[in-house]
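K.L.:
Shown below is the structure under consideration.
Since every read-out is calculated from the coordinates, none of them should be taken as a lab result. What you see is a predicted model, and the numbers here were worked out from it, not measured in a lab. For neighbour counting, all protein chains shown are included, and Cβ atoms are generated from backbone atoms with ideal geometry for every residue, glycine included.
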Amino acid sequence: MSALGPALAALARGEIILLTGDRLRGGDVDLVAAASLVRPETINFMARYARGLICMAITPDRAVRLGLTLLDTGTLARTGRPFAPSIEAREGITTGISAADRALTIQIATSSTADAQDIVSPGHVFPLIAGSGGVAARPSATEAAVELCRMAGVGDAAVLCAVMKDDGSMARAEDLGSFLAEHGMVSADIGALIELADRNRHPG
């Protein structure tokens, strides 16, 4: 647990962390934050510094409550991303694309009482449906982000955004040492979660 401690504490404070070790996307890295604590500033930071697609990782149970299903299971091997249809909050937003509007959509979609009547599709937030087996079954950022938020005590949904370099290519963990230092950000690796899952399955 010690390897994950700083990242869990940061998530519990509503901060963004860097998540590395996705085994399905060729080493892509993501910024991750707890959906329950998302603010417009969170979305703006991801849009400015990560530049990738801002997504919302949710559990299969929450997907059912929201009436969401996978777009195409055949794409998972290629993209590593279990996309559901894009969404927007039904009420309270303007164009839907602003940081404030996307934060509100995520807040509404991940609230404890949310259901399909609270959202519309298409929209500007892109849900990812985590597999029920977690990182032990699918070692990807979607499952890891959900598990980290659970472990941090901040719900079962996350916001994540893939990190691109200045030239538009995808960043790797080794590219981001100065980025972490500049923003006072901590990181977590999916491998640490997998090791923890293995220890829990085979105690002693």
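K.L.:
Using amide H atoms built 1.01 Å from N in the peptide plane, name the residues 5+ places from M170, or on other chains, whose amide H lies under 5 Å from its own.
P.N.:
Excluding prolines and chain starts, which carry no amide H, the hits are K165.
K.L.:
Where both residues lie in the chain, what percent of DSSP beta bridges are antiparallel, nearest 5?
P.N.:
70 percent
K.L.:
Next question. Which one of A136, P122, A84 is farthest out on the positive end of the charge dipole of the chain, using unit charges on Cβ (Lys, Arg +1; Asp, Glu -1) and the Cα centre as origin?
P.N.:
A136
K.L.:
Which part of region 25-44 falls in the paramagnetic zone of K165, meaning amide N under 13 Å from the point 7 Å along Cα-to-beta-carbon?
P.N.:
Hits in region 25-44 for K165 at 13 Å: 28-29.
K.L.:
Give the order of D61, D22, D175 when sorted by the count of other beta carbons within 10 angstrom, beginning with the fewest.
P.N.:
Final ranking by Cβ density, sparse to dense: D61, D175, D22.
K.L.:
Charges only on Cβ, +1 for Lys and Arg, -1 for Asp and Glu: so what's the dipole of the chain about the Cα centre, in debye to the nearest 20?
P.N.:
Using only the charged Cβ atoms, the result is roughly 220 debye.
K.L.:
Sticking with this structure for a sec: Specify whether the C-alpha gyration tensor of region 79-204 places it in the rounded, prolate or oblate class, a ≥ b ≥ c being the square roots of the eigenvalues: rounded for a/c under 1.5, otherwise prolate if a/b is larger than b/c and oblate if not.
P.N.:
Since a/c reaches 1.5 but b/c is at least a/b, the shape of region 79-204 is classed as oblate.
K.L.:
Using the eigenvalues of the Cα gyration tensor, what equivalent ellipsoid semi-axes result for region 133-204 when each is taken as the square root of five times the eigenvalue, whole Å, largest first?
P.N.:
Semi-axes, largest first: 26, 14, 13 Å.
K.L.:
Find the relative contact order for the chain and round it to a whole percent, using C-alpha pairs within less than 8 Å whose residues are 6+ positions apart.
P.N.:
Value for the chain: 33 percent.
K.L.:
With each pseudo-label sitting 7 Å past Cα toward Cβ, what's the R23-L53 distance in nm, one decimal?
P.N.:
2.3 nm
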